[in-house]
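One structure is given here, and the rest of the page talks about it.
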Amino acid sequence: MPKKVRWLRTAAILTGSVCLFGPHSGCATNRHTAEFSQAVTGEPTVGRQARPSAGSYSQDTASDVQLVSYPPPAPEPSVADNSIEAMPTEVGSMELADQFVVMALSTNPALQAQRQRIALLRYRIPQVRSLPNPTVSETFWPFEGNALQTAGGRAASQINLSQAVPWPEKLDSKAAIASREVCIALAKLREMEQDVVQAVRLAVIEANVAAESLAIVDEANSLVDGLNEVAETRYRAGGPNASQRDVLRAQIERERIAEERLQWTKRQEIAKAELVRLLHQPLDLDDTFQWNLAPVHQLELQLDQLVALAQQQNPSLSGLAQQVARDRQQIQLASLENRPDFQVGMNWLIVSQDDAISPVANGHDNFGFMVGMTLPVWRNKIHAGIQEARHQVAASTQMLASETDNVASQIRKLLAEYTALSQQENLVRTRIAPRLDDALDITLADYSGNRTDFSSLIELHRERLMVELQVLQLQAELARSLVRIQRQIGGETMPSL
C-alpha cells in the first residue's frame, strides 16, 4: 500500500475526522525506496581526449618497443576542457555521477601532476637515445722559449675534438627502457583516475542515500506529529486508555527522529565536502539539489568473466606488466656491457715559423685523427650487472603474479558480498517491509478501537522506519559493491548490467 494512502487511512482510523490530521496529510509523499540509484557505467569520455590504455602495449619482447611508433600520451586538455562552464551541468544531459567524474578527471590536482610527470618522462626518450656531447680542448704554449718545436716550426697551439660513441644497441636499449617508463607512468595515471572515479561515485552514492534517508525521516516525522496530536486530543478529552505517558512517548519519538535527521544531515555534508575535495572547486549544492541517478541493476557476469576483464584492464596489473618488460630490457642493456664503446676525434696543431729553431721550418699546420675503444675486461663486474637485472625481472614477475592473485581475490570477495547483499535486500524489501506495513495498519486499527496501547503503536512505527532505512542502506551497499567491482576491473569495459 503506498505510504500516502496508508497515512490517510491512518488519519481516518484514528480520528474519524479529517480535522486532526489535516495539517499533516499533505506532507506524506509516495516514496519508492526500492529504487535507490547510482551510476556504475564505465569511465565517460565526454570532454576528454581518447588515449591508448596502458595495458595495450606488448610486454613479451624487447623489439616491440619502437620509438617511432610509440603512442604518445594524450595532449593536455584545453582551457575549454578544464573550465567548469565546458562541463555538462544539467542532469538530463548526463548522469549525475558521470558529470562529477568528468569534472574531477579534468580538475583534480593529483591527476594533473601525474600528467605532467608523463610529459617529462616523454622528453627523456630523446635524451637517452642521443650521443653524449663532444669534447673540445686546446693546448697552447704561452712562452715562446718553452714551446714545442717541430721540424715544421714552433707549435703555437693544439686543438683537440673528441666524441664518445657507445655501442649502437646500447642507445636503442636505453630509449626502449625510457619508453617503458612512460608506459608505467600511463598505467599509474589510469590507476589514479580509477581511484578518483571510485571516490567520486562513492561520494555521490553517500550524498544520495543521505538525501533519500532525510526524505524518509521527514515523512516519518509527519506521521509522528499526527500521532502526537491524537494522543494530546485523547488526553485532553479524558478518553479511555489515554494518559500523559502517551503524549510524552510521542514527543520522545519525535526527538529521536530529529536526532536521526541530524545524523543523516551530517553524512550528507561530509559527502558534499568529499566531492569538493575531489573536484578541486566549490560546488553550490543546497538542500534542494536533486540527487537523481539511475537505478541499480543486477550484475550478470560470473566470477571468471570478471577476473578475465580485470586481467585485461586493471591498471595496476598493466603497470606491473610494463615493469617486467622494462626489467627484461635491463637484462639486454646489462649484456651489452660486453661490447666496447668507442672514442673518435681529431687534432689540429697550429705551427708557426716565428722563433722556430728548425732550419727547414715551413709553418705548415699538422692534422691528425684519433680512434679508441674501451676494453670490457672486468668480467665479474659485467656478470654481476646481468645477474642483478635477472633477479629484478624475477622479482617483478612475482609481484605481477601476487597482484593478479590479489585482484582475483578482491573480485571474488566483492562478488560474494554483492550476492549476499542482493539476497538480503530482496528479503527485507519484498517480505519483511510489506508485513510490517500490514502489522502497522492493524495496530493503528486496534489503537483506534482501544484494543492496544500507544507504546505498541510507537514501537511498531519505529521498527517500520528502521526497516525502511535498512532497505535504503542495503541498496546503497549494492551500489558501492558495483563501484568497487568496477575499480578492480579497471573501468574501461564495464560488466553487463
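The values are calculated or read from the model by the stated rules, or taken from the named source; none is laboratory data. Since we're looking at a predicted model, the values are computed, not measured. Every residue, glycine among them, receives a Cβ derived from its backbone with ideal geometry; neighbour counts consider all protein chains shown.
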- request: Taking the residues in the stretch 409-420 that are crowded, with 18+ Cβ neighbours inside 10 Å and of a type outside the set (Val, Ile, Thr) as candidates, determine which candidate is nearest to the chain's Cα centre (by Cα).
  value: 414
- prompt: Just one of 178, 164 is under 26 Å from residue 339 (Cα atoms) and touching a Pro at 6+ places or on another chain (Cβ under 7 Å); which is it?
  reply: 164
Subset of the stretch 332-369 [within 29 Å of residue 143 (Cβ to Cβ), surrounded by 13 or more Cβ atoms within 10 Å (Cβ to Cβ) and of a type in the set (A, V, I, L, M, F, W, C)]: 346, 348, 349, 350, 351, 356, 361
- line: Selection over the stretch 263-303 where residues are over 20 Å from residue 472 (Cβ atoms), modelled with pLDDT under 85 and not in a loop (DSSP other than H, G, I, E, B) yields a count of 1
- prompt: Taking residue 186, is it in contact with a Lys or Arg (Cβ under 9 Å, 6 or more places away or on another chain) and either modelled with pLDDT under 95 or among the aromatic types (Phe, Trp, Tyr) (or both)?
  reply: no
Residues being under 60 Å from the mean Cα position of the chain (by Cα) and in a loop (DSSP other than H, G, I, E, B) - total across the stretch 355-375: 2
query: Tell me, which residue of the stretch 168-188 that is touching a residue at least 60 places away in the same chain (Cβ under 8 Å) and over 23 Å from residue 314 (Cβ atoms) is nearest to the chain's Cα centre (by Cα)?
result: 177
statement: Given the conditions (1) assigned to a helix (DSSP H, G or I); (2) in contact (Cβ under 8 Å) with a residue 40 or more places away in the chain; (3) surrounded by fewer than 12 Cβ atoms within 10 Å (Cβ to Cβ), every one holds for residue 388 apart from (3)
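Residue-wise test of (1) closer than 30 Å to residue 174 by Cβ; (2) of a type in the set (S, T, N, Q); (3) modelled with pLDDT of 85 or more.
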{"residue": "92", "(1), (2), (3)": "no, no, no"}
{"residue": "108", "(1), (2), (3)": "no, yes, yes"}
{"residue": "120", "(1), (2), (3)": "yes, no, yes"}
{"residue": "123", "(1), (2), (3)": "yes, no, yes"}
{"residue": "128", "(1), (2), (3)": "yes, no, yes"}
- prompt: Within the stretch 191-241, how many residues are in a helix (DSSP H, G or I) and without any contact (Cβ under 8 Å) to a residue 12 or more places away in the chain?
  reply: 2
query: So is residue 458 surrounded by 15 or more Cβ atoms within 10 Å (Cβ to Cβ) and under 14 Å from residue 306 (Cα atoms) or not?
result: no
- prompt: What are the residues in the stretch 326-369 that are of a type in the set (Gly, Ala, Ser) and in contact with a strand residue (DSSP E or B) (Cβ under 9 Å, 6 or more places away or on another chain), if any?
  reply: 345, 352, 356, 358, 361, 363, 368
